[in-house]
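Worksheet: the structure to be examined is printed underneath.
The values are calculated or read from the model by the stated rules, or taken from the named source; none is laboratory data. Just so you know, these numbers come straight off a predicted model, no measurement behind them. Cβ placement follows ideal geometry from the backbone for every residue including glycine, while neighbour counts extend to all protein chains displayed. Accessible surface is based on the protein model in full, side chains and every heavy atom, while ligands, DNA and RNA are left aside. Shrake-Rupley method; radii C 1.70, N 1.55, O 1.52, S 1.80 Å.
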Amino acid sequence: MQSFDYVAPKSVEEVATLLADKNGDARILSGGTDLLVQLREGRRQTKLVIDIKNISELTQITFDSKNGLRIGAAASCHEICSNPNVIKHYPGLVDGIHLIGGVQIQNRASVGGNLCNASPAADSIPALIVHQAVCHITGPNGSRTLPVESFCVAPGKNALQSGEFLTSITVPAPKENFGASYLRFIPRNEMDIAVVGVGASVLLGADRKRFVAVRIGLGAVAPTPLLASPAGDFLAGKALTHENVKEAAKRGQAIAKPITDLRGTAEHRKHLVAVLVERTLNIAIERAGGKYAE
Ligand SMILES: Cc1cc2nc3c(=O)[nH]c(=O)nc-3n(C[C@H](O)[C@H](O)[C@H](O)COP(=O)(O)OP(=O)(O)OC[C@H]3O[C@@H](n4cnc5c(N)ncnc54)[C@H](O)[C@@H]3O)c2cc1C
């Protein structure tokens, strides 16, 4: 394994200074479940590893009913999935994050790391997309925000510029008649990486028989996780019918541009997108208390 220096700063300001000093030759370590594997295999090079797990601002999870949820970039998957407010108000997030690895991985891995690693198949990202999550970024020119669907720009590459790092992810406050879910297809339990991952969220009208807004997030079917706007927008304002849900599934399928690799063929992935869009929509509808017209 290559040699590198290791530092565990105590504040966000220190992280910013260290990144600026190293001018691109430093990498953030949150849980290390991706980074250490990549350094060991020589897929990433670095002179300095900056461990951010000791900075409480970056590990905290806070919630209030007006401003919603704030997840520190280094908060572990276990802490997020066992938080009572996350369980109560953000079911799609729990679905997605709970799937990341086993117990040991869940205790180390962070959602910030899952996002920054920018794998097209990362399980948290379609779930964050349908919950309208926003990325909070700190860097040499101050702070900025980015909708989560714009954060990944290519396989393994995110939108962070030199010296920037992710500090938190925020998710809007829950609304009445809102529901969300995430499902992935894997051929067998030992195989962790999603062949296809789909998230869906619905906001229903007061009678719960009509869609007000719908978001569908797709994973592992394009170079980056996608917000399938044409599929979600098609349902907005429409009646809650099985026919409309099937049409949205077809529109989601049309957006997917999967590749064939050792885990699945493009054709199989295309088929799975329609199946999972329909299933996740139905779970989200059920969680929102929806009532089908037929
Ligand atoms: C056995 C095993 C099973 C797994 N199963 C799954 C699975 O089922 N689903 C899935 O999606 N993933 C899975 N993973 C992948 C991995 O656990 C996740 O991607 C994890 O969420 C990464 O989080 P981390 O905190 O460990 O990130 P790290 O490894 O610390 O970091 C990942 C990358 O992001 C960068 N980074 C981290 N935090 C920041 C930040 N705040 N700002 C800027 N850059 C940052 C790092 O420099 C690094 O390049 C698995 C991994 C293992 C080893």
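Just a few scattered comments:
- Couplings for segment 22-28, taken from phi via the Karplus curve 6.51 cos²θ - 1.76 cosθ + 1.60 with θ = phi - 60°, read 7, 6, x, 9, 10, 10, 6 Hz in order; Gly and Pro are left as x.
- The chain: Cα Rg divided by the 2.2 N^0.38 Å rule of thumb: 1.00
- Computed on the Cα trace of segment 106-203, the radius of gyration divided by the Kirkwood hydrodynamic radius gives Rg/Rh = 1.00.
- Once the C-beta distance of THR17 and ASN107 is scaled by a Förster radius of 22 Å, the resulting FRET efficiency is 0.15 to the nearest 0.05.
- Surface composition of the chain: carbon and sulfur atoms hold 51% of the protein heavy-atom accessible area at a 1.4 Å probe.
- P(r) tail for segment 189-294: Cα pairs beyond 18 Å make up 44% of the total.
- Projected label distance in nm at SER65 and ILE259, using a 7 Å step from Cα toward the beta-carbon: 4.8
- For segment 177-259, trypsin sites (Lys or Arg not before Pro) are listed when DSSP marks them as loop and at most 11 other Cβ atoms sit within 10 Å of their Cβ; the list is ARG188.
- On the basis of the beta-carbon distance and an R0 of 22 Å, ASP207 and VAL275 show a calculated FRET efficiency of 0.15.
- Remark: segment 252-258, residue by residue, has Karplus-estimated 3J(HN,Hα) of x, 4, 5, 7, 5, 10, x Hz, where x stands for each Gly or Pro and the curve is 6.51 cos²θ - 1.76 cosθ + 1.60 at θ = phi - 60°.
- Partner lysines whose Cα lies under 30 Å from the Cα of LYS209, excluding those fewer than 8 positions away in the same chain, are identified as LYS66, LYS88, LYS175, LYS238, LYS246, LYS250, LYS270, LYS291.
- Segment 268-293 versus segment 8-85: alpha-carbon centroid distance in Å: 33
- Shape of segment 163-203, Cα gyration tensor, a/c cut at 1.5: oblate
- Largest-first principal axis extents of the Cα set of segment 1-50 (Å): 31, 21, 13
- Solvent exposure of the chain amounts to 46 Å² per residue of accessible area, where only protein heavy atoms count and the probe is 1.4 Å.
- Backbone HN-Hα couplings from phi across segment 146-158 [Karplus 6.51/-1.76/1.60, Hz, Gly and Pro as x]: 8, x, 4, 5, 9, 6, 8, 10, 6, x, x, 10, 10
- Placed amide H near VAL153: partners under 5 Å, 5+ positions off or other chain: ASN158, ALA159
- Its DSSP H runs of at least 4 residues, each contributing -39,500 (n - 2.57), put the calculated 222 nm mean residue ellipticity of the chain at -9500 deg cm²/dmol, to the nearest 500.
- Cα convex hull of segment 1-92 - mean projected area over all directions, nm²: 7.1
- Cα extents of segment 165-238 along the three principal axes, largest first (Å): 43, 32, 23
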